[in-house]
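Enquirer: Here it is: the structure, laid out below.
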Amino acid sequence: MITYELGQWQSTIDLMMASDSLKQRLTLCQCHPTEHGADHRAIEATFADPAQLTPPTRELNKPPRYQWKKAPWDEITKQLHQTRTSVPEIQDATELERQLRPLMNKVSGAIKAWVPHVRPSP
């Protein structure tokens, strides 16, 4: 960002420092549009209000934890048997991947439907 101009000469000698938390909230950083009569342009910076930001939590990126001991295995098995389809003979890795994907989706769906989650700790 050029903050000083005189004829063909330009320079950027002004510094702006901010903490890491302010850096993450920076929404605008530019030369201020108003000339104040100084030899250098003022730098305008705008930061997001911390109250408007979503606070990071430890749980956002963690997959859910399940209570496997409380899983109704008979119901899960019954659901999987009802959705079972025949699988043709698999000839190569590509065919294996193609056949495995729907099976894994069915198993994941049954787990999500039937297995209770562990209550997150504070």
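Enquirer: What are the residues in the stretch 78-102 that are surrounded by 11 or more Cβ atoms within 10 Å (Cβ to Cβ) and touching a helix residue (DSSP H, G or I) at 6+ places or on another chain (Cβ under 9 Å), if any? Walk me through it before giving the result.
Expert: So in the stretch 78-102, the residues surrounded by 11 or more Cβ atoms within 10 Å (Cβ to Cβ) come out as 78-80, 83, 87, 90, 95-96, 98-100, 102.
The answer is GLN79, LEU80, THR83, VAL87, ILE90.
Enquirer: To continue, here is another question. Could you list, in sequence order, the residues of the stretch 4-26 that are at pLDDT 75 or above and of a type in the set (S, T, N, Q)?
Expert: Within the stretch 4-26, GLN8, GLN10, SER11, SER19, SER21, GLN24 qualify.
Enquirer: Within the bounds of the stretch 43-53, is there any residue that is outside any helix (DSSP H, G or I), among the acidic types (Asp, Glu), touching a strand residue (DSSP E or B) at 6+ places or on another chain (Cβ under 6 Å) and at pLDDT below 90? Give the steps one after another, and end with the answer.
Expert: Of the stretch 43-53, the ones outside any helix (DSSP H, G or I) are 43-49, 53.
So of that shortlist, the ones also among the acidic types (Asp, Glu) come out as 44, 49.
Filter once more, so that each one left must be touching a strand residue (DSSP E or B) at 6+ places or on another chain (Cβ under 6 Å): 44.
Filter once more, so that each one left must be at pLDDT below 90: 44.
The answer is yes, given that some residue of the stretch 43-53 is outside any helix (DSSP H, G or I), among the acidic types (Asp, Glu), touching a strand residue (DSSP E or B) at 6+ places or on another chain (Cβ under 6 Å) and at pLDDT below 90.
Enquirer: Moving on. Among VAL87, VAL118, VAL107, which is farther than 21 Å from PRO64 by Cβ and of a type outside the set (D, E, K, R)?
Expert: VAL87
Enquirer: Continuing with the same structure: Search the stretch 70-99 for residues that are touching a residue at least 40 places away in the same chain (Cβ under 8 Å) and pair each with any residue that is surrounded by 11 or more Cβ atoms within 10 Å (Cβ to Cβ) and assigned to a helix (DSSP H, G or I) when their beta-carbon atoms are under 7 Å apart and the residues are at least 6 apart or on different chains.
Expert: Matching pairs, first to second residue: ALA71/TRP114; PRO72/TRP114.
The values are calculated or read from the model by the stated rules, or taken from the named source; none is laboratory data. Because the structure is a prediction, the values reported are computed rather than measured. Ideal geometry is used to build each Cβ from the backbone, glycine not excepted, and the neighbour counts take in all protein chains shown.
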